[in-house]
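Here the structure is laid out as structure tokens; the discussion comes afterwards.
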Amino acid sequence: MTARASRPITPWLFPLSYLAHATDEALAGAGFPAWFSRQFGAAFSLRDFLVLNGVGILVLTLAALLAQTHARLRPGIVGVLSTIVFLNGSLHFAASAITGAWVPGVLTGTLVWIPLGLRGLIAARGQLAGRAFLRSLAIGVAIHTSVTGVALYI
């Protein structure tokens, strides 16, 4: 790993990219709520989508603020957020590839979140001890899984 690869990234990239991603999900095709509901038999409305994403942007903004003001916590927070966006972008890409259809959010998921997540994970790996890095991965996966569960059963 090079010194450049382990340099920290600004945590503010996460809430900013989240706004772009949520917009992509809302405006592409019939929108992510309609696609998600159709694929998974859920009743995920546009209102549910807006509420869930409103909470999401608030949490990401607070996480970025916490990482900005507490340098000691930054690598772990970046590891968690990077895991979430990398996983989300990868799932959008995989869903498009598997279904052969355009999935709302695949554009920013593929072009923004996969690279941002990968870059953040490389940086976090260079700054966290083994167990701390694995913990950040596990927390990120748990958060993404929980949000998906909420969307399924909201």
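The values are calculated or read from the model by the stated rules, or taken from the named source; none is laboratory data. On a predicted model such as this, the values are computed, not experimentally measured, just so you know. Cβ: placed from backbone, ideal geometry, glycine included. Neighbour counts: every protein chain shown.
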Has the range 98-114 got at least one residue that is among the hydroxyl-bearing types (Ser, Thr, Tyr), modelled with pLDDT under 95 and surrounded by 16 or more Cβ atoms within 10 Å (Cβ to Cβ)? no
Against the condition over 19 Å from residue 142 (Cα atoms) and buried (at least 19 other Cβ atoms within 10 Å of the Cβ), how does residue 10 come out, does it pass? no
Report the residue count in the range 8-38 for those that are at pLDDT below 90 and closer than 20 Å to residue 99 by Cα. 1
Say whether the condition of being of a type in the set (Ser, Thr, Tyr) and without any contact (Cβ under 8 Å) to a residue 40 or more places away in the chain is met by at least one residue in the range 27-37. yes
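Every residue, every condition in (1) surrounded by 13 or more Cβ atoms within 10 Å (Cβ to Cβ); (2) modelled with pLDDT of 95 or more; (3) not acidic (Asp, Glu), yes or no:
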| site | (1), (2), (3) |
| --- | --- |
| 1 | no, no, yes |
| 6 | yes, no, yes |
| 47 | no, no, yes |
| 57 | yes, yes, yes |
| 65 | yes, yes, yes |
| 81 | yes, yes, yes |
| 86 | yes, yes, yes |
For the range 73-129, name all the residues that are over 19 Å from residue 62 (Cα atoms) and among the basic types (Lys, Arg). 119, 125
So the check is Cβ under 6 Å with 6+ separation or different chains; which pairs have a first residue in the range 59-77 that's touching a residue at least 40 places away in the same chain (Cβ under 8 Å) and a second one that's basic (Lys, Arg)? 67/74
Can you confirm whether residue 103 is in contact (Cβ under 8 Å) with a residue 12 or more places away in the chain and touching a Gly at 6+ places or on another chain (Cβ under 7 Å)? no
Residue hits (the range 5-38; β-branched (Val, Ile, Thr) and assigned to a loop (DSSP other than H, G, I, E, B)) are 9, 10
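Say whether the condition of being aliphatic (A, V, I, L, M), modelled with pLDDT of 95 or more and touching a Leu at 6+ places or on another chain (Cβ under 7 Å) is met by at least one residue in the range 129-136.
We begin by selecting, within the range 129-136, every residue aliphatic (A, V, I, L, M); these are 129, 132, 134.
Next, from what is left, pick out any that are modelled with pLDDT of 95 or more: 132, 134.
Among the residues that remain, those that are also touching a Leu at 6+ places or on another chain (Cβ under 7 Å) are: none.
No, because not a single residue in the range 129-136 is aliphatic (A, V, I, L, M), modelled with pLDDT of 95 or more and touching a Leu at 6+ places or on another chain (Cβ under 7 Å).
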